[in-house]
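Here's the structure, in structure tokens; my notes come after.
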Amino acid sequence: MPWSELIRQMLKKRLALLCLAIMALFVLVACTARLWVDEEDLVPRAGETALDETTGLERSYHPPGWLLWMDPGHGHFSKTGQNVQTKEDNPPLPEAQRHWGVTDIRTWHLPLGCDIHGVSVLAKLIRGTELAFLIGLIPTIISSFIAVVIGLVAGYFGKWIDDLVGYVISTLASIPFVLLLIAFVQAVRDSDAVAAALESIGLDSKPYRNLLLVLIVIGMTTWIGLCRLVRAEVIKHKSREYVQAARALGCSHARVLFKHILPNVMHLVIITFTLSFVGSVALEVFLSYVGIGIEPELHTWGRLIVGGRNELQRDPSVWWPLTSATAVLFLLTLSFSLFGDALRDALDPKLRT
């Protein structure tokens, strides 16, 4: 389909345009995250600087600004508020004023409140957006590249190449994905050769080095589904008249594959790319939950969700870190999923007729 026709089809879908605007906003935040939030904003402030300089309240578990604005006379925490848990790693809640006493615009200084360390939840979400796009893009690019190359070669040449690819896909598909991912992550992360190679290119930060290894492993283990789709589509197209005409004109195999067949399977790649992106972002939450590859020093959405789940058990409940991160993750996932569905409807001829 020509790009002009695709744009015309997408402009008719208002929901897709709304999702595209939301996605563009996320991209803008991700690209400018370090302009809004620097490293000093992420330094724990509970302790020596326990009081916020603007509101005068304690930074640790500082409530959202809009909550103060809506109900300034009701203290979310009382002076007798205690932690219902007895674990040493969950200390009692800090004392706070019974009445907030903050009713002006200064309440928006911390619109989403702070976590246990007195770090702004909004600052963590902004920096987490930057990491979320890295987590979504790197594995998706790697898996899409592997899937397209292997699918094109297997579907076009067939014979023993197709059989070999089929055996590899069947073997990898028979192994539970989580176990396969954990095994690859542990093997690569403990490799001194891999660590030395990454340090040689200037990546000497252990948290980011481990994150990059996890993303590469995710990309190398999530290409099977798209590869099957590309292979099946290539098998269908290689017997059509335009491919036979290209062969009769003496075109090389590479030209036939990348000039004639690949453009006709790109709609599958584009649709799968959008869905795989949000899948990789959601997978980071799972990896943070089980503690694989995502270091606590990284301010990802997954780390914020995992850190906020225990705060719900406090009395009173500290719900804003978990709720904020979950809402942002849900909005990103929903917008990409709906936009991917709209792309599928516009690119698939069967759905347009």
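The values are calculated or read from the model by the stated rules, or taken from the named source; none is laboratory data. Predicted model, so just to flag it, every value in this text is computed and none were measured. When we count neighbours, we look across all protein chains shown, and the Cβ atoms used for this are built from the backbone with ideal geometry, even at glycine.
Mind checking which pairs have a first residue in region 119-136 that is more than 17 Å from Ala327 (Cβ to Cβ) and a second that is in a helix (DSSP H, G or I) and acidic (Asp, Glu), Cβ under 6 Å, 6 or more apart or different chains?
The qualifying pairs are Ile135/Glu284.
For region 258-275, which residues satisfy the criterion of being within 23 Å of Ser239 (Cα to Cα) and of a type in the set (Val, Ile, Thr)?
First, pick out the residues of region 258-275 that are within 23 Å of Ser239 (Cα to Cα): 258-269.
Passing the criteria: Ile261, Val265, Val269.
Going through region 309-325 one residue at a time, which ones are part of a helix (DSSP H, G or I) and acidic (Asp, Glu)?
Keep residues of region 309-325 that are part of a helix (DSSP H, G or I), which gives 309-313, 320-325.
Result: Glu311, single match.
State whether one or more residues within region 326-337 are among the aliphatic types (A, V, I, L, M), modelled with pLDDT under 85, assigned to a helix (DSSP H, G or I) and in contact with a Leu (Cβ under 9 Å, 6 or more places away or on another chain).
In the first step, residues of region 326-337 are kept if they are among the aliphatic types (A, V, I, L, M); the result is 327-329, 331-332, 334.
Then keep just the ones that are modelled with pLDDT under 85; that gives none.
Checked against the condition, which is being among the aliphatic types (A, V, I, L, M), modelled with pLDDT under 85, assigned to a helix (DSSP H, G or I) and in contact with a Leu (Cβ under 9 Å, 6 or more places away or on another chain), region 326-337 yields no hits at all.
Kindly establish whether Leu211 is at pLDDT 85 or above and either in contact with a strand residue (DSSP E or B) (Cβ under 8 Å, 6 or more places away or on another chain) or closer than 21 Å to Pro296 by Cα (or both). Walk me through it before giving the result.
Numbers: at pLDDT 85 or above: no; either in contact with a strand residue (DSSP E or B) (Cβ under 8 Å, 6 or more places away or on another chain) or closer than 21 Å to Pro296 by Cα (or both): yes.
The answer is no for Leu211.
Need pairs with beta-carbon distance below 6 Å; first residue farther than 17 Å from Lys159 by Cβ and within region 231-251, second in a helix (DSSP H, G or I) and among the polar types (S, T, N, Q); sequence gap 6+ or separate chains.
His237/Asn264
What are the residues in region 257-308 that are part of a helix (DSSP H, G or I) and of a type in the set (Asp, Glu), if any?
Looking only at region 257-308, we keep the residues that are part of a helix (DSSP H, G or I), and these are 257-290, 301-308.
Matches in region 257-308: Glu284 only.
When you check Glu295 against the structure, is it charged (D, E, K, R) and either free of Cβ contacts under 8 Å to residues at least 24 places away in the same chain or closer than 20 Å to Phe133 by Cβ (or both), yes or no? I'd like the intermediate steps shown before the answer.
Working: charged (D, E, K, R): yes; either free of Cβ contacts under 8 Å to residues at least 24 places away in the same chain or closer than 20 Å to Phe133 by Cβ (or both): yes.
Yes: the conditions hold for Glu295.
Taking the conditions exactly as written (closer than 19 Å to Leu347 by Cβ, β-branched (Val, Ile, Thr) and in contact with a helix residue (DSSP H, G or I) (Cβ under 8 Å, 6 or more places away or on another chain)), does Val269 satisfy them or not? Lay out the reasoning, then the answer.
Working: closer than 19 Å to Leu347 by Cβ: yes; β-branched (Val, Ile, Thr): yes; in contact with a helix residue (DSSP H, G or I) (Cβ under 8 Å, 6 or more places away or on another chain): yes.
When the stated conditions are applied, Val269 passes them.
Is it true that some residue in region 269-281 is more than 27 Å from the chain's Cα centre (by Cα) and under 30 Å from Leu11 (Cα atoms)? Show your work before the answer.
Within region 269-281, the first condition is being more than 27 Å from the chain's Cα centre (by Cα), and the residues that meet it are none.
No.
Can you pull out every residue in region 9-26 that is part of a helix (DSSP H, G or I) and surrounded by fewer than 12 Cβ atoms within 10 Å (Cβ to Cβ)? Full working, then the answer.
Looking only at region 9-26, we keep the residues that are part of a helix (DSSP H, G or I), and these are 9-11, 14-26.
Selection gives Leu11, Arg14, Ala21, Ala24.
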